[in-house]
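The values are calculated or read from the model by the stated rules, or taken from the named source; none is laboratory data. All values reported here derive from a predicted model rather than from experimental measurement. Here Cβ is always computed from backbone atoms with ideal geometry, including for glycine, and neighbour counts include all displayed protein chains.
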Amino acid sequence: MPVPVPQQRAVPAAETTHGADLTLLVIEDDPAGNFAVPELSSTTGARVRVRTARNLTEAGRLLTDDVDCILLDLDLEAAALPAGVRADGPNDGTGSPDGLAALKHILRIAPRHAVLALTAEDDAERAAEAVRVGAQDYLFRGELDGRLLSRAIRYAVERKRADIAQHQLTESRLRAQENARLERGLLPTPLLDGSDLAFAAHYRPGRSRALLGGDFYDTVRTPDGTVHAMIGDVCGHGPDEAALGVELRIAWRALTLAGLCGDDLLSTLQQVLEHERQSEEIFATLCTVDIAPDGRRAGLCIAGHPAPLIARQGRAAHLLPYEDGGPALGLLPHARWPRRQVELGGSWSLMMYTDGLIEGRVGPERTQRLGQDGMVAMVNGRLDQGLGGEALLESAVTQVQELNGGELTDDVAVLLLERDEARIRRRGRSASRSRPGAVSSAGAQRPPL
């Protein structure tokens, strides 16, 4: 049987803070027809359009996106409730002894609409409960006039907007916190148990409000005592590049722990990159070192990445040789990456970094790049001040940012490994003295690293 189209009429404009027209959906089933929406006056030129529905089924059809506010009679007769909704609650076994079944139904089907509850003057307790359940306000039939209804509609609409905005803000904050926890969890934890080397790292993504960028690094010690370190950079600065960097880092760690090194490892990483990248234009630079168990020599592989910096005892810091490096991963199929043997010595500091550290601007006009030579000079100045470890990295990155005249736009990752032979000897003598019958040996002076 066709359902007659409910009456719709325009009333004089209601006062609104935004001056725009509003649409009010009135849901009431007064069989005597005594209830009428009061005339609404306004000084803003806006209008309130009124739609009326005699039951919740009609209300569901009229509840379109242009409805701003719903005026619901809490005393709807049971016949006005749709199937599945009883006056004492939904037919789900929960019941609704407060008599707010209609209101709860409307709140479920219209979660983004402002709702005003209409009830009798002697029903203040239920009216207050309606607000606790989710209505923006309540009105009494006997006190209803145009001015009060106009103000109530305006207040309900603005309060609902504020509630939605607050809910969205809360969701955004929770999502940001979850993303932050996720990104922090994706940063590496060095596996250096049993190593004599000291480790420090500094990481600063270029993306605003991000914790993770396209730069990546890692350090692990394999069962044979070799310490492997890696640093890399995926071209680009978005979340896809950050995700690819994490994939390459995890793949590097797994391959390293499986025993791969040098060209074999980089060739396999290139295959990972080729399968995981979003386009064939994406590439990644990489630098790996594998430090022998005695800590005095290392193997170096460079794939289009800036060469590490080495500072040995009594000598100025300088770049390790990089002439024998290979191309960045993902540029050339079947490329090779030769492994070069490097003598480190007894006490040293090895710094690996991404190009974000050397591409900052310098000079009065900020027209020049810091470059590798400028970085080496800057690090030597910090070493002369006796800085090392995290203090050295933090100071270096801060100075680069100051020279740049503001925040660096590129990701920055810096990794520092240090070996202090004098400290290792002292620790060895201490361990010897703690053993019964051990004889101590002459001490050595700690180098200024």
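Annotations
- Extreme residue, modelled with the highest pLDDT, among residues of segment 133-146 that are assigned to a helix (DSSP H, G or I) and surrounded by 14 or more Cβ atoms within 10 Å (Cβ to Cβ): 133
- Qualifying residues in segment 404-420 (those that are touching a residue at least 60 places away in the same chain (Cβ under 8 Å) and of a type in the set (D, E, K, R)) - the one farthest from residue 249 (Cα to Cα): 420
- Taking segment 273-296 as the range and being crowded, with 19+ Cβ neighbours inside 10 Å and either touching an Asp or Glu at 6+ places or on another chain (Cβ under 9 Å) or over 16 Å from residue 332 (Cβ atoms) (or both) as the test, the residues that pass are 273, 277, 282, 284, 285, 286, 287, 288, 289, 290, 291, 295.
- Selection status of residue 251, in contact with a Phe, Trp or Tyr (Cβ under 9 Å, 6 or more places away or on another chain), under 20 Å from residue 305 (Cα atoms) and of a type in the set (A, V, I, L, M): no
- Any hit, segment 84-93, residues being touching a Leu at 6+ places or on another chain (Cβ under 7 Å), modelled with pLDDT under 90, under 20 Å from residue 135 (Cα atoms) and assigned to a loop (DSSP other than H, G, I, E, B): yes
- Which numbered condition residue 237 fails, given (1) touching a strand residue (DSSP E or B) at 6+ places or on another chain (Cβ under 7 Å); (2) within 28 Å of residue 376 (Cβ to Cβ): (1)
- Breaking point among (1) of a type outside the set (S, T, N, Q); (2) without any contact (Cβ under 8 Å) to a residue 12 or more places away in the chain; (3) crowded, with 17+ Cβ neighbours inside 10 Å, for residue 375: (2)
- Identity of the residue in segment 94-131, of a type in the set (Val, Ile, Thr) and surrounded by fewer than 17 Cβ atoms within 10 Å (Cβ to Cβ), that ends up modelled with the lowest pLDDT: 94
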